[in-house]
Structure formats: structure tokens, C-alpha cells
1. Using Cβ contacts closer than 10 Å as the measure, can you line up CYS224, CYS202 from fewest to most?
2. Counting only DSSP beta bridges with both residues in the range 105-305, what percent are antiparallel, rounded to the nearest 5?
3. Let me have the relative contact order for the range 190-346, percent, based on Cα pairs under 8 Å that are six or more residues apart.
4. What FRET efficiency comes out for GLN19 versus HIS457 if R0 is 41 angstrom and r is the Cβ-Cβ distance? Round to the nearest 0.05.
5. Per 0.36 nm of contour for each residue apart, how much would the distance between ASP342 and ASN278 grow if the chain were fully extended, relative to their Cα-Cα spacing?
6. With runs of 4+ DSSP H residues as the only contributors, calculate the mean residue ellipticity of the chain at 222 nm using -39,500 (n - 2.57) per run, divided by the residue total and rounded to the nearest 500.
7. Give me the distance in nm between label points sitting 7 Å out from Cα along the Cα-to-Cβ direction at LEU432 and GLU291, one decimal.
8. What longest region of the chain stays clear of GluC sites (Glu not before Pro) that DSSP places outside H, G, I, E and B and that have at most 11 other Cβ atoms within 10 Å?
Amino acid sequence: MEHGEAVASFYRRFLHNVQEEKTHLTADCPFCRKQGLDFAGRLVVSLNTTGFFYGYFRCLNQCVPGGFPLWFARLMGISPDNAPGYDPDREFIRAQSEYPVSNINNEIKMYQDRLSDEILAKFQQAGIGPAVLAELKIGYNGRYLVYPYVQEDGNCYAARCVFPERREDFFWHGDEQFFGAQHQLFNGEEIQRCENGALFLCQGEDNLLALKQLGFPGVAVPDCHSLETLAPERFTFVHTVFIVTENNPEAEAAARAIAAKIGYKARLFRWPAGLPKNYDLFQLACDKGKEFKAAVLTMIQASSAFSPFATPQREYDRFREQLSQEAGSAYEALKTGFPRLDQALDGLHGINIIGGAPKAGKSCFAIQIATEMARHKVPVLYYDFENGRQKLYQRTLSRLSRLSVPEVKEAGATGAGGPSFVNACQEFQEMLGYLRVINDRKLNAEIMRRHIDFIRHETRNEYTVVVIDSLHKLPFKEFSEQRTGIDAWLRQLEAIRDELQVSFLILSELSRGTKDGYTDTPHMGVFKGSGDIEYSADNALVFSPNWDPLQTSEDQQRQNNLWLVASREHTPGLVARYGLDYPYWGFVELDK
């Protein structure tokens, strides 16, 4: 038998004079006379299969607290084996196994008897009647409202006393050991009544009273700070927890914090835009009057489950948004400036790792790509652990001005570089608005994220390119082995790529091949300490010289082959040949 039909059959079996409607059934209440009432009221059971409170019963006379089938079975003295959803292995987690001998129950009863007409009228403004106040044992000491925090053993050891006109004016009364946060759950007995069901978790006792008047089960904490200290294990056997706070950012943050602890079963109430700060359910009840229940039902349906996953609609919208962005000019602008390389990779997207032998020119190649992208207003973060900021800038200005580095230095000192130097300086200065060179050897993933956020905000660009020179010189202070550190960094870079739409150009060292050299045919295994490179890289490339870096003089023609050795989306093979543009610290793309 399905659970829904089992619940309905359970109530039909143990109730009398049953009348069924589409979404509920009513019957004579079996508890009224046991509670000393002269006549039996009607018991109402929700059978709305699309609602969250399916199987919840309550007496219209409010002779006993309502609940779900297991609570009904306990009240009736029925063996729990007969109740749908019973699990004999369940054990409720109690906040405290031993309680003091003395309590303040008699004081609470005395305070209940002191409720004045003025106080009753205050609650009546929100539609809260005497029966709800009696059920939750609300009292008045002549100056302060008294909210008893009854513990799981059914006794009260502490109460919160609140001045009616100033909610911030309150104090705790009773046994001091029950003033702590672990005991600050108002109407906490309700949790056991809602096993396998749903309840509300409210900020503020009065908000709970408003819901109880509508017939909903719930508990409350005195303020949003108490939410953060609430033990989520107390809701282990409740299927759905609706979290309702005041309308302010601090309370919303606290609601999200406890929802994260409770998990998938938590659902957050969200206030419509335009409502006053600190607006709450009690005020909503005052404003809406008879329409309050309809407003709450609407909020229940609109409540959002606290989930680590995006909604299907949000996931689809995000996919379409990304498609639109990839067709836009900002995405298309992620070009290296080398046509054959851009054609082979369809632009610089994802994690691109370039390996090269020492002194092969891979840093010079990366600097040229980074500065060309910055010239075209693409924000670039260049993490340099090889050359230093000054050397990088000098080589860039040399390439832009067509002057050697010594000539650049001379022109900078004497101003004799001519128009080409002046124009190059102006272009270089404009380029620096989109280029940041970082030499911080205390770098970590969180610092990198802040750098990305900053340059993206500063340049108002959706995308960022991060160049790392080189992978093997990133800080690995938390790891004793370089390979372990490289793998950890690659995991972080993958996350940054996916979350922040960042493209990476990462330089890597190569392992020595046969005869202790670097001339082996390029393949994934040539990356030094490769670790997870083969899994993390969207494109893995090798920049290999057709000359001996240890024997060729500076003024001889040098050429490098760029190989795409592995790719998630593109065909591996020779990308192009690159000739060194000596002495201007750049490369010229040649035919294959």
C-alpha cells in the first residue's frame, strides 16, 4: 500500500463518524472527553496529497496538540506498529537526559491567569485567540509577557520575559542552566509530534503564535542569533522544515546558515520586495486579517528548498545565457594574436598548458600572447615567478617599439628613441589598464579569486585570462612533494575556470627524454611531474625548439614548433612554426 493511502486508512480505522472531503477528512475527536470537555469536537486530518502537511491532524477544540500519525498513535495508546512510517530502530535525540527536580510550572500557570484584556486585545490584532495562548502557556507578570520554554520532559525550567512594546527589552527567568542557547527552543515538544511530517521554525515566539492560530505546527527561537546555535540533529526525523525569519539581511543569513546544516529538508520563506525592514509574520497577520492564511499558503508554495543544486529553470537559463555570451564579442576577443594557434584552439578558452624545454622561449611566447590580449582590452593577470616585472615590461616595450632592450633603456634615459618609442610607450601605458603582473610568492587560490574579481570589476569585462609562469614554481607550502602541490593547484584552477569563466595559459617544464635531452616526439608524458595535467588541461601543447638552446648564438635564426598533443575538443597535431623576432623579444607565426 502506498504511504498516502496507508495514512488515510490508518485514520479511518481508528476514528468514528468519519466524513471525507477531497483534501481532508473530519471525525469526532477521541481526545476531547479525555481532556474533560463536555462534548467531542471535530478532528480534522489533512489529506492534500500535493501539500507538505499530509496526515497532520488537529482538534478544532484544541484539546490536544496536533501532529502526524505516530503522535496520534501515542495519544490513542495504539501500538506504533500500526502507524504508517513507524521505524522501531529510531531513537529521538534529547537535548538533556536528566532534568532538575524543581521547575517553575506553578509560576507559569500563575502568569497565565494574569493575562489582561489589554494583552489579549494585542494578540487579537493578529487574530491570535485565547486557545492558542493557553496551548503554549503564554502568561503575563504584570509588566512583561512570559514565554515558557518547556523542555522535552514536559516541564518548564526557564521562561523568556519580553516587554510588549519593546521587543529588545527582555530577560530570562528561572533556572540559569536553562538560559543557554541549547535550551532556547520554544515549543520544542512539537518536534516529536511532527515525526515524518513538516513544521515551521520561526524567529520570534509571536510569529509562531500566528501560525499556530492557523493550525500549523512549529517551534521558535527568540532571535536570529539563536538559529546559528541550534542543533540540526533535533530535526532528524522531520521531513520538511520551513524556516521563517524577519525581513532583514542578518536574519536571512542566519536562516541560510541553519538551512545548510539541516540540509535538503529545509525550505526558506522569502519576503516580497518592498516590505519594511524587520517585517514579520505577526505584522503580516495584523495587516492581512482574514486573508492571512491565504498569504501564508502562498508563501509555502513559493518557498524554496535549500539545495546545493540550481533549479531546472535556473540551470536552463544559465545554459542559454552562456550560449549567448559565447556568441558575443567578449568571448570572441579571447584570441592570442597568432592566427594558426587561434584556429587550432578556437581562441584561448579553458585550461591551456604549454610545456617547453628550458630557454626554449616559452616565457617570451606567453608574454607576447598576454600583452597582445591586453592591447585588445582583455583583462589579463600574469603570475610571474621567472623573470620579474621590470624585465617583462622591458621586453614588451622592445617588441612594441621595435627597439632592442639596450636601446629601450637608452631611450628611457635620454628620450632619444624617436616616434616609435613614444608611440610604444603610449600603447604600453594604455595596455596596463588591462594587464596586472603579480610576483607574490604567498599566492593561494583565494587570493587569485580576489585578483580575478578585482580586475573583472575594474575593467567591466565578463572574462579574464590568467597566465602562470610557471606551474612548477607556484607556492606549494602546504605540500611536501611538488607533484602533490601541482595536483592540488590544478584542482583549484579547474574550480576557478568553471565558477568564474576564466581562461588559463599555464607554462610547464618538460621531463628529460632519451639521452638526457628534450627532443623526443611530443606526448602527454613529457610534462614534468605531470600528475593530473592530462586530466585537467583542456588543451596541452608543447613548444619545442628546432635548435639547441645551449649552443645557438643570440643572432642566429631560431624556430620552434608548437604541437597540440592533447585536447578535449580539437584535433592534436602540429599547430605552426614560430620564428624568433630577434632582438625584439617576440615570435612570428610561420607556416607549418
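1. So the residues, fewest neighbours to most, are CYS224, CYS202.
2. Around 55 percent of the beta bridges assigned by DSSP in the range 105-305 are antiparallel ones.
3. Relative contact order for the range 190-346 comes out at 19 percent.
4. With a Förster radius of 41 Å, E is 0.05.
5. Gain on extension, ASP342 to ASN278, equals 17.6 nm.
6. -10500 deg cm²/dmol
7. 6.2 nm
8. Longest stretch, sites excluded: 166-477.
Where a number appears in this text, it was derived from the coordinates with a stated rule and is not lab data. All of these numbers come straight from a predicted model, not from anything done at the bench. Note that each Cβ is placed from the backbone with ideal geometry, even for glycine, and that neighbours are counted across all protein chains shown.
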